[in-house]
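Accompanying notes for the structure given below.
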Amino acid sequence: MKAVSLNLRAAVVSLLIFVCFIGAWQLATTGPSIGGSSAGMTADEIEYAKMMGKDPGAEKSSGFPPPVEVAKASWAHLSDPFYDKGPNDKGIGIQLAHSLGRVGLGFLLAMAVALPLGFLIGMSPLMQKAFNPFVQVLKPISPLAWMPLALYTLKDSDVSGIFVIFICSIWPMLINTAFGVAGVKREWLNVASTLEVNPIRKAFQVILPAAAPTILTGMRISMGIAWLVIVAAEMLVGGTGVGYFVWNEWNNLSLTNVIFAVLLIGVVGMLLDLMFAQLQKAVTYVE
Amino acid sequence: MWSDASVRESAALVAPVSAPIQKVSPMSGFLKVEQLAKAYQANKPVFADVSFTIDKGEFVCIIGHSGCGKTTILNVLAGLDTATSGNCFMDGREINGPSLERGVVFQSHALMPWLTVRQNIAFAVKSRWPEWKTPQINVHVEKFVALVGLLPAIDKKPSQLSGGMKQRVGIARAFAIQPKMLLLDEPFGALDALTRGTIQDELMGIVRETHQTVFMITHDVDEAILLADRILLMTNGQETDQGYRPGGMAEVVVNPLPRSRTRAQLHHLDGYYDLRNHIVDFLVSRAKAH
């Protein structure tokens, strides 16, 4: 009873916060309209105003869209996510698929490098010391700082985006894998030794499951960073993706669409994190 | 007399008991340890000149204070550590690394927490007989889990088991690979007295049944008297007036009590208190300088 009511109470409070937020948003955006009325204008003046993009007759709201408008736009985007009307007008589903594709590919490449390398560093104190300075210097570099080098060497904006994801996902995974592998309990390794377990089996059946929770933590952090970075990277390189969509809608001065995209980025990021939380739960063990 | 070659002054304390149980044959040992020494600082070895033998089917306990090198000796026998000098032979072959021929029960049970009891033991069985198919492995695993009475918990994770149950699984795992020799590193150290007694009985039963050769570290004098055919007493290294004297094997006590002894009647047996006092006296007055 007590536990259920806590969740329930939390849900009620969440709902309240949401309603307050929407309410405040609505109030803030229903100010006087910019366009003004056409009263007192001559026909020429009205014509001129229309040519300048300020139709005095149309009901124009203030610059910032109210929640209802965002909801309407969201519905429109979500109800037809996969249309493709040329390079600057693609459905949000297609944009999202491009972003997720880049993130997925960059992330997989980072995994392919970080996990074996992390194993090596974790197993060997020599390698740990040898690699440490490189990791320490490369880790704090903003992934976007690599962009010019990537564009110059890779000569392809799409591949450069993937490279940026790769370079930003690799560090948390590498560090956590090395840390997890180095921290595998001596006694489990001793058991494996006394049972004459061969190195491959030892790596996959003792060290990997023992270090898996730490490795998954690293992967979860990496995925979070990758999702942050992809939006910025796509704003830079353009073409496709949610980042490009945001930038494109900003150039269209469609704040409604920008807000929709921002919310969508948040929701997708949350889903990605939840996915990794589930994976993490699956490999966590109680001692 | 129940003290062999290295008998020292206090052996006369105990009256000889009739019918010695185990014939001591120092040269024909199944396991031979010769002149073993371990030094972390070159001029101050922790122990030196440790030699002993264990016969096939014999149960030998080693007692000594912390830091005297018991665990190091066991780890050398397990192949997990190396000695500074000296040699160990089992079954005529030198020990120079871990081997499936020697099963080890660790003090901290060392079960893999992400595997169930069945999987933990199957992991060992698969290592021993890689060519076995799953059904055969399962039958074998179940047999040894039944041996320690844990069939109802076979599909549980170690975290769902009590300390005693975990240690039983550790014992079952060591027995399951059917090693030529069993090495136990203070297996009951972390258990409460009641659980400890039960598992001692179980271990004794299994060892008697399988004629397993066992080398075991313990801190518990009664445990040693109950289980061991012979008890090795070790001294710590110490500073004396003549300089540093490394630790080593002070005495080998042959257990005179009948092998059919049980925990319940142990303290009623003739010679039990003499034996116990002898070992306790050693630990209190001779094993350590301070």
If the chain between B:D274 and B:T210 were fully extended at 0.36 nm per residue, the gain over the current Cα-Cα distance would be 20.0 nm
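Using only the Cα atoms of the stretch B:95-136, build the gyration tensor, take square roots of its eigenvalues as a ≥ b ≥ c, and label the shape rounded, prolate or oblate: rounded if a/c is under 1.5, else prolate if a/b is larger than b/c, else oblate.
Oblate, because a/c is 1.5 or more while a/b does not exceed b/c.
Given 0.36 nm per residue, what is the gain on full extension from A:I17 to A:D44 after removing their alpha carbon distance, in nm?
4.8 nm
Is it possible to state the helix-based mean residue ellipticity at 222 nm for chain B, with each DSSP H run of 4+ residues giving -39500 (n - 2.57), the sum divided by total residues, to the nearest 500 deg cm²/dmol? What is it?
On the way: 7 runs with 84 residues, N = 290.
Here the helix-only value at 222 nm equals -9000 deg cm²/dmol.
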Report the residues of the stretch B:94-108 in range of a label on B:E34: point 7 Å along Cα→C-beta, backbone N strictly under 16 Å from it.
B:94-96
Lysines with Cα under 26 Å of A:K90, excluding same-chain neighbours fewer than 8 positions away
A:K72, A:K155
Roughly what percent of Cα-Cα pairs across the stretch B:186-290 reach past 22 Å?
38
Highest mean first, what order results for B:57-64, B:194-201, A:126-133, A:229-236 on Cβ atoms within 10 Å?
B:57-64, A:229-236, B:194-201, A:126-133
Prolate/oblate/rounded call for chain A, Cα gyration tensor, a/c under 1.5 rounded:
prolate
Counting other chain Cβ atoms within 10 Å of each Cβ in A:193-202 and taking the mean gives 6
Taking every DSSP bridge whose two residues both lie in chain B, the antiparallel percent to the nearest 5 is 55
Would you list A:L120, B:L77 from fewest to most Cβ contacts within 10 Å?
A:L120, B:L77
How about B:K126: which lysines have a C-alpha closer than 22 Å to its C-alpha, ignoring those fewer than 8 places off in the same chain?
A:K185, A:K202, B:K143, B:K156, B:K157, B:K166, B:K180
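How long is the gain from A:E287 to A:K155 if the chain were fully straight, where each residue apart is worth 0.36 nm and the alpha carbon distance is subtracted?
So the chain would gain 42.5 nm between A:E287 and A:K155.
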At R0 = 60 Å, FRET efficiency that the Cβ-Cβ distance of A:S254 and A:V4 yields, to 0.05:
0.90
Taking a ≥ b ≥ c as the square roots of the Cα gyration tensor eigenvalues, with a/c under 1.5 meaning rounded and otherwise prolate when a/b beats b/c or oblate if not, the protein assembly as shown comes out prolate
How far is helix B:134-147 tilted, in degrees, relative to the longest principal axis of the Cα atoms in chain B, given as a value from 0 to 90 rounded to the nearest 10?
50
Only loop residues by DSSP count here, and only those with at most 15 other Cβ atoms within 10 Å; note down the GluC sites (Glu not before Pro) in the stretch B:63-143 that meet that.
B:E131
Just checking the output field for B:154-164: average partner chain Cβ neighbours within 10 Å of each residue's Cβ?
1
Rounded to the nearest 500, what is chain A's calculated 222 nm mean residue ellipticity when only DSSP H runs of at least 4 contribute -39500 (n - 2.57) each, over all residues?
-25000 deg cm²/dmol
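By average Cβ neighbour count within 10 Å, what is the ranking of B:245-256, B:223-234, A:71-82 from highest down?
Answer by packing, highest mean first, reads B:223-234, B:245-256, A:71-82.
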Rounded to the nearest 10 degrees, what's the angle between the helix A:67-79 long axis and the longest principal axis of chain A, both from Cα atoms, 0 to 90?
60
Would you list the P(r) distribution for chain B, with all Cα-Cα distances sorted into 10 Å bins from 0 and each bin expressed as a whole %?
6, 28, 34, 23, 8, 1, 0
Taking every pair of Cα atoms in the stretch B:163-225, average 1/r, invert it to obtain the Kirkwood radius, and report Rg/Rh to two decimals.
0.92
Per residue of B:102-114, other chain Cβ atoms within 10 Å number on average 5
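No lab work stands behind these numbers, since they all come straight from the coordinates. Note that the structure is a prediction, hence the values are computed from the model and not measured. Quick reminder, even Gly has a Cβ in these numbers, built from the backbone with ideal geometry, and neighbours come from all protein chains shown.
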